[in-house]
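Take a look at the structure set out below.
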Amino acid sequence: MPYKKIDGEVIVKKKAKKDPEFAKAYENVKKEYRLIQQVIKARKDQSLTQKDLAEKVGVKQQEISRFENEKHAPTLNHLIRILDGLDLELKIEEKNSEYKSHKEAIK
């Protein structure tokens, strides 16, 4: 029996249109994925192995691996240590620039 090729992205988009709760959860997962990809890119750009980074921040290599493979979300403390080890920082910004502009105009 031949395999039927499916497009996961199309399936997810259809489900997200029908189910707002699913859409919100999917957006959260995408944000986590982007953050993880940025951390991996920074580590590789610095020519660090997972083991190198783990030693630098004082955690086990397995913790870095589980984080990068989306098997385990680190504590906030460990995430900050990982970012510090890569000379990165977490920056908080308002999402809605229209709201921000309106808020500044009111001042």
Quick test of your reading of the structure: K15 fulfils all but one of (1) exposed (fewer than 12 other Cβ atoms within 10 Å of the Cβ); (2) charged (D, E, K, R); (3) closer than 25 Å to K95 by Cα; (4) over 16 Å from the mean Cα position of the chain (by Cα). Name the failing condition by number. (1)
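Every residue in region 65-81 that is surrounded by 12 or more Cβ atoms within 10 Å (Cβ to Cβ) and not aromatic (F, W, Y), please. Steps first, please.
Residues of region 65-81 that are surrounded by 12 or more Cβ atoms within 10 Å (Cβ to Cβ), as a first pass: 65-68, 72-74, 78-81.
Once the filter is applied, which keeps residues that are surrounded by 12 or more Cβ atoms within 10 Å (Cβ to Cβ) and not aromatic (F, W, Y), region 65-81 yields S65, R66, E68, H72, A73, P74, H78, L79, I80, R81.
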Which residue pairs have Cβ atoms under 6 Å apart, sit 6 or more places apart or on different chains, and have a first residue in region 73-86 that is closer than 14 Å to K60 by Cα and a second that is among the hydrophobic types (A, V, I, L, M, F, W, C) and part of a helix (DSSP H, G or I)? P74/F67; R81/V57; I82/V57; G85/L53; G85/V57
Would you check if there is a residue in region 38-61 being of a type in the set (D, E) and surrounded by 17 or more Cβ atoms within 10 Å (Cβ to Cβ)? no
Those residues that are charged (D, E, K, R) and touching an Asp or Glu at 6+ places or on another chain (Cβ under 8 Å), I need them from region 13-37; list them, please. E32
Reported set for region 29-59 where residues are free of Cβ contacts under 8 Å to residues at least 40 places away in the same chain and of a type in the set (D, E) is D45, D52, E55
Looking at (1) touching a helix residue (DSSP H, G or I) at 6+ places or on another chain (Cβ under 8 Å); (2) of a type in the set (S, T, Y); (3) free of Cβ contacts under 8 Å to residues at least 12 places away in the same chain, can you tell me which one Y26 breaks? (3)
Looking only at residues in region 33-50 that are of a type in the set (D, E, K, R) and more than 19 Å from Q62 (Cα to Cα), which one is farthest from the chain's Cα centre (by Cα)? D45
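FYI, it's all coordinate maths here, none of it is from the lab. Since this is a predicted model, take the numbers as computed values, not measurements. Positions of Cβ are generated from backbone atoms using ideal geometry, with glycine treated the same way; all protein chains shown enter the neighbour counts.
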